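Report on the following structure.
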Amino acid sequence: ACFPALAVAFCLTACGPDGHGSAAQGAVPAQISEQLQRYAQAFSFEGQLEPSESDRILGRLCDDTFRMSYSMPGDGEKPPTVLDMNFTVVLSLVHMMHEAARGDEPSPRDVVPAALSDAWVPFAKLQPKLRIAEVLRHYPAGESTYITVIHDLHEGMVGAPDGDAHHYETHLTWVKAEDGWRLQNKMWVDTPPE
């Protein structure tokens, strides 16, 4: 069964455009590809982007209803959970990441819950650099929705062993707005390195 809101991107991808998990053939459409470049720029924390510029890029990338969700695996002490964030929280977290990438102390905002901020600041200080390794699947889901599933990873983290990277499968849901495609939902899960 598919659950609303948090799992929309995952369910649409899992079901596929024909209900059988098949992916579209051919290149990612040009407008989606252009937005993927913005996505990579906004979420790649290489110290080359002013935090205020990341705000502008996210504003052009994301729809007003944007949500970002992270499916956290459980362990022996706690069950798996889904962390769900609205655009304001995401904007603040990404801003913090770009501050840390430039060597500044990340400055948590009041809109970010303390528990999330406490976990995010140490991650920001690792200065991870995001790279899209591969587009795994992509297809339209109606005339005004498009799904892109990517393998992306954070690498080059300060203090991590050489070659250590954190791999994700990321489900991106795009909606067609008056001025082009906008990112409505990002949901990602950890995956083992290949």
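Every number here is computed from the coordinates shown, using simple stated rules; none is lab data. These numbers come from a predicted model, not from an experiment. Backbone-built Cβ (ideal geometry, glycine too); neighbour counts: all protein chains shown.
Okay, here's what the table says:
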item: Pairwise label distance in nanometres, T191 with A27, each label 7 Å out on the Cα-Cβ vector; result: 2.3
item: Three-way shape label, the range 88-188, alpha-carbon gyration tensor, a/c 1.5; result: oblate
item: Net lengthening on full extension, T81/R60 (0.36 nm per residue, minus Cα-Cα); result: 4.6 nm
item: Model label zone, Y70; criterion: amide N under 11 Å from point 7 Å along Cα-to-beta-carbon; scope the range 116-142; result: 116-124
item: Full-extension gain in nm, E105 to S52, via 0.36 nm per residue minus C-alpha separation; result: 17.6 nm
item: Cβ charges +1 (Lys, Arg) and -1 (Asp, Glu), total dipole of the range 46-143, debye; result: 220
item: Efficiency of FRET between T88 and E143 - r from beta-carbon atoms, R0 41 angstrom, step 0.05; result: 0.90
item: Cα centroid separation - the range 70-91 against the range 141-156, whole Å; result: 19
